[in-house]
Each structure stands twice: as C-alpha cells, then as structure tokens.
Amino acid sequence: MRTMDITDILIGKSGVLDEHLLLRQANRHGLIAGATGTGKTVTLQTLAESFARAGVPVFAADIKGDLSGISRPGTIDSKLAVRAREMAIPGWAPAAVPALHWDVFGEQGHPVRTTIAEMGPLLLARLLDLNDVQEGVLNIVFRLADEQSMLLLDLADLRAMLASVAERADELRATYGNVSSASVGAVQRALLVIEQQGGGRFFGEPALKLEDLMRVAPDGQGYVNLLAADKLLQSPRLYTTFLLWLLSELFEELPEAGDLDKPKLVFFFDEAHLLFDGAPKVLVDKIEQVVRLIRSKGVGIYFVTQNPLDVPDEVLGQLGNRVQHALRAFTPRDQKAVRTAAETFRPNPDLDTAKVITELGVGEALVSVLDDKGVPTPVQRCKIAPPRSRVGPLTSAERAQELAASPVAKVYDTPIDRESAAEMLAARATGAPPPPPANLPPGIDPALAARLDAAIGSIAPSAPGAGTSYPPPQAKAGRAARTVAPAREKPSVAEQIAMSVAKNAASSIARSVGSRVGSALVRGVLGSLLK
C-alpha cells in the first residue's frame, strides 16, 4: 500500500476486532505506560515503524539500544512472526523502515549539536541547575555578548565571557547590579561538571536543523530518528534539557498547520518521569501549554513511562490515545496507579478495567484511541501487533554501514570552529588586531575591513552593522519573545554623524550585517519554563 493511501495504523486486536489509530487524530498525543518487562518498547517500535510506513517522520530516544534494529527486517521464523500468524494480521511480512542514528556524544550516531546562543540562558540555567542569582549572571553574559556582537557557540565562549564579566564586575555594577565572583565561580564549576559528563560535545556547530529530523525517503516512508540515549541517560538533566530544547525548537520554528490528514512529526518521549520529577508547577503548566498548542503545528507527542502517575494530571488530560500495559499492585502507590489508569479510560461495561490491568500478560494492553470525531473509544483489552522490523540492537558493523550511507553523514560529522567570543576576547586581551571578517565582497581589503569593523564597534556597538561578524551568527527569526536593550541616552550630533558614517561604510563591506546573538536569548513558550 502506498503511504498516501494509509489512513490508520494497527495497534492490536481485541478478539476479532482491530484497534486502529487514525492518523488524523495522531497529533492529539498519547501515552504508553506499563511496568518493566510488559512490552512497552515493542509497542513503541510497532507504532514508530507504522508511522514511518505512513510517511510520518518519527523521533524517539533509544534508551537501551533495542530500537536500532528498526532499520533491519525481522525474520519469518521469529516469535513475532508466529504471533502475527496467530493474530491473522493480513499482509504481515518482515520489513525495515529507514532510520537516522543520532548521538549527543557522537559515538553511536551523527553528533547532535546546538549553540550556546540557541539554547538560551533559561534552558541553560536548568541544565546547570543554577539558582536565581547564578541565572542572573548568565543573563548578563548573554546581554553583553549581544551588545558586543560576540558569538556564543560553545562552552569555551561561555567560559571566556564569564571570565570577562568577573573582570569587569565593578564597571558593570551600575548597569546590571552586583556581579559577585562567587556566583561566577559557581557557574564555572557547573560548566566543568557538564563538560566532564561529555555535555560539551552538545554545544558547537554545525547545529542541528529541524528539517533533517523531518526527512522522508524517496519511497515515501518517513525516517525514524533514533537518539542513542543509553549513555545520555546517565546524565538525566542533560537528557531532559535536550528534549525540552528540541520541543521548544519545534514549537517555535514550525508554522501553524491546523488539522492535517497525518502529523508532520511524531515525538516519543521515553522515561518521561525524568521530565517531571521535582518539577515546579510553573514548569508543568508550561509543558501542558506546549503539549496543547504544538498539536496545531502537526506534531504528536507520546509519553512513555512506567506509571501513569509519573505524568501530571494537567498533561495527562491532553493525551488522547492510550496504551496501558500491565501494572503491579504491590504497594499503596501501585494500587493508586492502577485506579488512576483505570479511571482515565472511557468505561467498557464488559470490562473491569482496574482488575484487568493487573492481569495483562506480556504483549497485552488496554487500548483506547480517539475516533473520527475526536471522542475516546471504550477501552479494549488487546494483543499488541508485532513489529515487522528486527527487535534488538544493530551490530557494530551494521551501525557503521548505516552511518556511512546516511544522507546527513557529511553534514554533521565534521565540527566547525569559527571565530567567536573566546577568540575575540583573547585577541582583545593580547592587543592583537582582530582577524579579518570572512565572506567579504570582492575587492575589499581584509585588513581595512577588520580595522573598520573594530572602529564601528567602538563607535556604535549597539547600532545595526556595528561590531558585526561575517558570516552572521545563527540567529533564528520568529521567536516568541525578544530581549529588549535598555534605553540609551539620545546621541549627540557628532555621535549621530559618526554612527551614520560607520553604518554606511559597513554596508559596503558586507550585505549580511545586523544579525544579533540576542535573537536567540529568550526562548518561546518553553524557553520561559523556569523563569
């Protein structure tokens, strides 16, 4: 069947009845829950490959490495093939789906990077577990980098700017308030911890482009993007901050799409309890808001967790498609989880939901999805359809082969280290002339351009064209909120003339002036999570 003809995906069977998830309702989000060993990962794989066959790109964290086999067909003599025959699934045959492998550490997949500027001070403060005072220091750093047109690309740039702020503490006090050396030191130590955990590899260029997560293969199948998370999960704060950043990027960059025949992207958030553990109410409120609003941009979010109590009620109420595997009622909390899970389903008069949850076998689940009118269907006890791809990890040779043949292999595998804040501050400290701007129009003397660029920065560092770098920083348009520079005194006539001359001269050097680091300082809705 062609991908354009697929309107639903098979989740499982309840007797002779099929339980299908309608693609046009898939962006109403969902939940896959159940105790360890009940089949959640296999269910995730079934849904992920089914979305891919329907032409929907998928992003999922591969917690144990088991999902990587999705890019290889299963075997006809496997237990899953036997199960498919027992369930009489029409047309079932082993088949693979295209996959892209990603890894923050660059070991088991293509490196995933973003810049310090794109992460923004608020999410960065969450990653570093900073208090309000320390977060304030970060905001000063970002503001100064913006005003001085210094790119914040990696941890070296951030450390250099922090050192500069500490040295200029007395000078900055009148404008930004007290900047204590203790606060700067605390931020520097937090950066050291993240770097020792390997988090430094996450920051730099080339930065990840969302369009590479939304690829469709020539045969019409969507790519399954797998994030190697076995090592990443050892740093839970880095794991959750990365996924929050990715959600914020999707929310901010994707246009409104309304109701579509199928989602643009389906996002599986495994180990969802890590996101909400100890989260303040403001964080939960913002996540609930994003989950509600990102639906209209064509993105479906599916939380995967052991216990439905791991997801706050405000978010749980937004999840329209449910797959509930077995729960064990050994403790009072477990018993409460069973009752909660049972109460969230639309009742089925022929089913004692609370009792059945504790009796489900491996590969069985309670299923309720949204019908064509958006109404939850009565809960049904189902056998989950087996995936057609391999259940289990790729071998090292297979992974290397897929990485070499990947359509993004030449895009992200080689890091780019261009001039940014660290180099600019080092040059300033030694008194060396700044390096010539790159990408100059033909006929422009590089030395003259460098001197003029420095002169512009000294005359009007806040004016468009002043102190800019070539090429401009990776600033993204359309942010929900922007940093507003403090009001300045009206310049004198002489200053206005100097600024005008500087701007006119700068425009003759390069066309791409005026881009500012500050366009990425304040994130959108998710960027204000821990404000």
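The values are calculated or read from the model by the stated rules, or taken from the named source; none is laboratory data. A quick note: this is a predicted structure, and the numbers were derived from the prediction, not measured. Ideal geometry is used to build each Cβ from the backbone, glycine not excepted, and the neighbour counts take in all protein chains shown. Accessible surface areas use protein heavy atoms only, side chains included; no ligands, DNA or RNA. Shrake-Rupley method; radii C 1.70, N 1.55, O 1.52, S 1.80 Å.
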Q) Would you list 66, 261, 157 from the most to the least accessible area, probe 1.4 Å? A) 261, 66, 157
Q. Using a 1.4 Å probe on the protein chains only, how many percent of the accessible area of segment 2-93 belongs to carbon and sulfur?
A. 58 percent
Q | Two-site label geometry, residue 359 and residue 24: point separation in nm, points 7 Å out along Cα→Cβ | A | 3.7 nm
Q) Where in segment 205-243 is the amide nitrogen less than 15 Å from a point lying 7 Å along the Cα-to-Cβ axis of residue 253? A) 205-216, 225, 242-243
Q. What FRET efficiency do you get for residue 167 and residue 211 if R0 is 41 Å and r is their Cβ-Cβ distance, rounded to the nearest 0.05?
A. 0.50
(Q) Beyond a 20 Å Cα-Cα separation, which of these cross-linked pairs lie in this structure: 13/40; 262/383; 64/262; 13/262? (A) 262/383; 64/262; 13/262
Q) Within the accessible area of segment 232-272, what % is carbon and sulfur when the probe is 1.4 Å and the other protein chains stay in place? A) 48 percent
Q.
What distance in nm separates the two pseudo spin-label positions at residue 196 and residue 336, each 7 Å out from Cα along the beta-carbon direction?
A. 3.7 nm
Q. Given H placed on each backbone N at 1.01 Å, which residues far from residue 265 in sequence or on other chains put an amide H within less than 5 Å of it?
A. 300
Q.
Could you work out how much longer the chain between residue 329 and residue 231 gets when fully extended? Use 0.36 nm per residue separation minus the Cα distance between them, nm to one decimal.
A. 32.2 nm
Q | Amide H contacts of residue 420 (H built 1.01 Å from N, under 5 Å, at least 5 apart or other chain) | A | none
Q. Where only protein heavy atoms count, and the probe is 1.4 Å, what is the accessible area per residue for segment 1-145 in Å²?
A. 34 Å²
(Q) Quick query: amide H of residue 154 versus all other amide H atoms, modeled in the peptide plane; which residues come in under 5 Å with a sequence gap of 5 or more or a different chain? (A) 116
Q. Which GluC sites (Glu not before Pro) from segment 286-385 combine a DSSP loop assignment with at most 12 other Cβ atoms within 10 Å?
A. 359
Q. What does the charge count near residue 381 come to, summing +1 for each Lys or Arg and -1 for each Asp or Glu among other residues with Cβ under 12 Å from its Cβ?
A. -2
Q: With a probe of 1.4 Å, find how much accessible area segment 303-423 has per residue, and write the answer as a whole number in Å².
A: 49 Å²
Q) Using a 1.4 Å probe on the protein chains only, how many percent of the accessible area of segment 167-213 belongs to carbon and sulfur? A) 48 percent
Q) What whole-number value in Å² describes the accessible area per residue of segment 186-284 for a 1.4 Å probe? A) 38 Å²
